[in-house]
1. Once you put a point 7 Å from the Cα of A:THR304 and another 7 Å from the Cα of B:MET453, both along the Cβ direction, what distance in nm separates them?
2. Out of segment A:43-117, which trypsin sites (Lys or Arg not before Pro) are coil in DSSP terms and have no more than 12 other C-beta atoms within 10 Å?
3. Is the C-alpha gyration tensor of segment B:306-437 telling us rounded, prolate or oblate? Criteria: a/c under 1.5 is rounded; beyond that, a/b larger than b/c is prolate, otherwise oblate.
4. Return the FRET efficiency for the residue pair B:LEU432, B:THR343: r is the Cβ-Cβ distance, R0 is 25 Å, and the value is rounded to the nearest 0.05.
5. Could you tell me how many degrees, from 0 to 90 and to the nearest 10, lie between the Cα long axis of helix A:116-133 and the main elongation axis, the longest principal axis, of the Cα atoms of chain A?
6. Mind putting a number on the dipole of segment A:182-313 about its Cα centre? Charges go on the C-beta only, +1 for Lys and Arg and -1 for Asp and Glu, and I need it in Debye to the nearest 20.
7. Rounded to the nearest 10 Å², what accessible area does C:GLU56 show when all protein chains are kept and the probe is 1.4 Å?
8. For B:TYR231 and B:ILE51 in the same chain, what is the full-extension length gain: residue separation times 0.36 nm, less their Cα-Cα distance, in nm?
Amino acid sequence: MSNQLEPLADPGLPHHVHRKADTDPAAEKRAERQVSILFLLSTAGTLLFIYSFIWIPTDLFVFVPLLGNINAHNLGIGAGLGFALFFIGAGAVHWAKTLMPDEEVIAQRHQMRSSDEDRASFVETVKAEAGKVQLGRRSMIKRSLGLALGLVGLSPIILLRDLGPLPEQRLLKTTWDKGVRIVTDPGNRPMKPEDLEVGAIAHVLPQIDDPEHRKLSDIAKDAAILIRVRPAELKLSEERMSWTHEGIIAFSKICSHMGCPVALYEQQTKHLLCPCHQSTFDVPTGAKVIFGPAARPLPQLAITVDSEGYLVAAAPFDEPVGPSFWERNI
Amino acid sequence: MITRREKIAGGVANFIDERTGAAKWVKKNLQKVFPDHWSFMLGEIALYSFIILLLSGTFLTFWFVPSQEELVYNGSYQPLNGVKMSAAYESTLNISFDVRGGLLMRQVHHWAALLFLAAMVAHLMRVFFTGAFRKPRELNWIFGVALLTLGIVEGFLGYSLPDDLLSGTGIRIAEAIIQAIPVIGTYLAFFAFGGDFPGELFIPRIYTVHVLLLPGIFLALITVHLMLVWYQKHTQYPGAGRTEKNVVGYPLLPVYMAKAGGFFFIVFGVTVLLGAFASINPIWIFGPYTPTQISAGSQPDWYMGWLDGLVRMAPPLETYLFGYTISWNILIPGLIVPGIIFTGMALYPFIEAWATGDKREHHLLDRPRNAPTRTAIGAMSLTFMVVALINGGNDLIATHFNLSINQIMWGTRIGIIILPPLAYVITKRICLSLQRYDRELVLHGRETGRLVMLPHGEYIEVHEPISPEKAYQLTQHEQALPLEAPGPDTNGVAPRGSLKSKVRARLSKAMLGEQIAKPTADDVKALEGGHH
Amino acid sequence: MAPTLLVVGLFLIGGIYSIAATPNNATASNARSALIEEGKNIFLRGCSSCHGLNAEGGKVAPSLIGVGAASVDFQVATGRMPMGDMSVQAMRKKPVYNAQEIAALAAYVASLAPGPAIPTAEQLDYERDGNIAEGGELFRTNCAMCHNAAAQGGALTAGKYAPTLMGVEPVHIYEAMITGPQAMPVFGDRAITPEEKLSIIKWVKSVESEGNFAGASLGKVGPVTEGLVAWVVGIGSLIAIAVWLATKAR
């Protein structure tokens, strides 16, 4: 390696080259004019901004090539303000480049490290002054101070306790229960099996007393889907088959991966795709995961019909819906 | 003869100086020298974008209502009349359609946010590839990484405020990540949301974080970041007349003020023009957030796209132990890998300094080719992030280029493992080739393309010697030797801490072992003696 | 004399009646049979190689018995059928058959078994019978997960996709909902009522005709294109300006 050998010598800063505006008065005048034009373009922009803001109707759309039909008010104020700002900057920069002094200046750096004397005097001062506190001798003060500061430091954490309730059973229960009717989302209409054709998917929610005022926090766990296939196409255990009704199978709509609604149903392949991270679930085998990062199938909801022929849940979900969590199977 | 203008200026200066003693340090700082290079302006783009965010954001806060209270829309956007939505969403619609200039300010704010993060990443790359993070600037590097991390969070919270379908989906994902944390996850999630998802408290809470807490931290961090640059003086590229002990450039007054100040207006202007000509985040099309709806092609903003991509490609791993669930498929891409990346980034200056044994101050920048291992590591990390980012948009890529999302996913799963090491090797080779090219330039001059036939019939290409300034610039860098691990002493006893020093020696060899020897003065003289 | 007159009169009335009554029915059913016959001929020529000589289906194409006139009108009038190549999904393209031929094909397939009929103009008056806001809500719950919230289209598995709804005729949107073409599920009239279907169509049409409120739309697909523009246009132009700024003037 060559770092012990002599490197090339530093020829020093290159000779300064003058700009046209430095030597030629006509070029100087031209540069001045250019800078002024840039500043005047800015004022034109501000005038466009003011005019557009006040006099262009906010619901007027104009056709601009390459952009399509766009709102004239937003375009006018945006272009006006944008150019107003831009040309101030362009003018200032052009002024600096062409007319302001452009001789390079050299300044010296100083080492970051303080001098040895400064360092020694720092150490001396700290030792002397801090030494007067005699913390080393006063262990009772030291310990009680430590205890006091430590305990008071806990108080903000304790103050934040009421940020939220403890999870308790909330993640484990939904509104679905035995006998709860299945209604459409949106619309809240109860459903009968004949409302759903083979190859159809319906988005559903449990029937509640006040459907106009469902809480989003409930919907986030209650959302479900009904899919109808031919009964022979289902490949389920006997128990799971009893949770379906005439080829209609119900699943939680909330993805077992990270909670997005799983609702892309491919009628021919009978796959359910979640659009967030592309987890794919196979309906005939009970929404088993066949692709993507989801680790668990969608929980299946047991359904049946009630005495009036409406579709109802036969039981609540037998596992928590939605994304996984630490205590999920406790 | 004192002019009237001088008299007024003198009066003001006197007023201030009598109260603050400012004359001395203002004069000193007005003369401060700043090197002038376009790549030093990337950090400025970030700084000016931050100011634009503060200004446009304040405007928005005058109309935005940070509440999840449900109401029925009855405003000027017909397709949503009668639809139930939160007050936050409704106030955003109000800003977009009923406040003049409101939509423009929303757009300026969001474009400025994208530019803020893009500029920070570009600036980080410049600082990394030129080695500007070396002593004494390691602290500033850590502040920079902190700014980037907080910027990502701030942007995410910001675009989640309008409570629309797209950003609400993002919050659902964030909640799932929190919930997946072992032992304390459900408690953290319930505390953050005030109950189950989505609850009614999340938007008001993130509003406080977004407009008060994080901007406050930003202001403090940016101030410290700039103060350090000011005090330590900016680095400069190597070249004739430039040394480790000087700064060559232009003084603050007038040139740097005019250029930097002008650039602020330019950045502001470009951002507003983007807001005028390019639509961003049209929340009225997405609709208000409800957990039962989702749009095909849902992505976070670009700076979180790599996270989305990592989550998409993760293998479906969960372990179940005594009834407890650990979701590796969420924890690895969502928390562990990003944690490793950002921690590694923050600590890199110290790792490199330990590996090279270099404890000196550095104020001259490295040309990337002269630090081939570092440049290759940078290229490798970038490749990793870009592959992840591409996977984040895999469904849009599939629809636009008629491909299968399954194939794209498998492609990126394999790609993210084999492409980064490939990028490392290729980049390192390119750097070494460029070093060879520099050596040739110094020793043999520039190829002019002119062919000449010598009297005895040989054809040669005429080479023009490069200027002494260029030759100096190409050879100014240092080429340190790798550290060696101390071997066993005369009695065959291995020294203490030998594993640590062996690792260090290995790293050192990787960083410094392979370099093309730069030509010395002797080499040049030898050539001049008998060259063609 | 009187009985004879009565009989002649009865014959006259009966005869006039039978002559006046039959021609309409005869021409109507004749016209219909002619259409079905024409359709059958077109079918045998252009469709039977995949769908079977009796439309019973085969290895590469499903049975068309019971799919109804609506399916035929949707698939053939949007150019999806005949399929251009045997890829995973039939693509919308320029129709091969003209309106008359499509009507004939539809009549033929409808004659094989009962199925969804082509909606009439009266049934498609979405301006009158649809509600935009309700349509948007329905679209976002039932359609946006495949077709995207702005109806720009989206990806399905293995290279399939839900196409964009921009530029699609209202009748075809309606037919797609009731017939569930290829991967798309069926949305029967009891799950989404005819009036709700018209609301959906009205909303889709409003999105199509809506101007851009804030500049060029960048595809209406969200953060991916926005991020690209921020880097390429935003950072790109600012770097170009920075280079200009730091270059020494002449």
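The values are calculated or read from the model by the stated rules, or taken from the named source; none is laboratory data. On a predicted model such as this, the values are computed, not experimentally measured, just so you know. Neighbour counts run over all protein chains shown; Cβ positions are idealised from the backbone, glycine included. The accessibility values were calculated without ligands, DNA or RNA, using every heavy atom of the protein model including side chains. Shrake-Rupley method; radii C 1.70, N 1.55, O 1.52, S 1.80 Å.
1. 10.4 nm
2. Answer by residue number: A:ARG113.
3. oblate
4. 0.25
5. 60 degrees
6. Around 520 debye, computed over segment A:182-313.
7. That residue has around 100 Å² of solvent-accessible surface.
8. 62.6 nm
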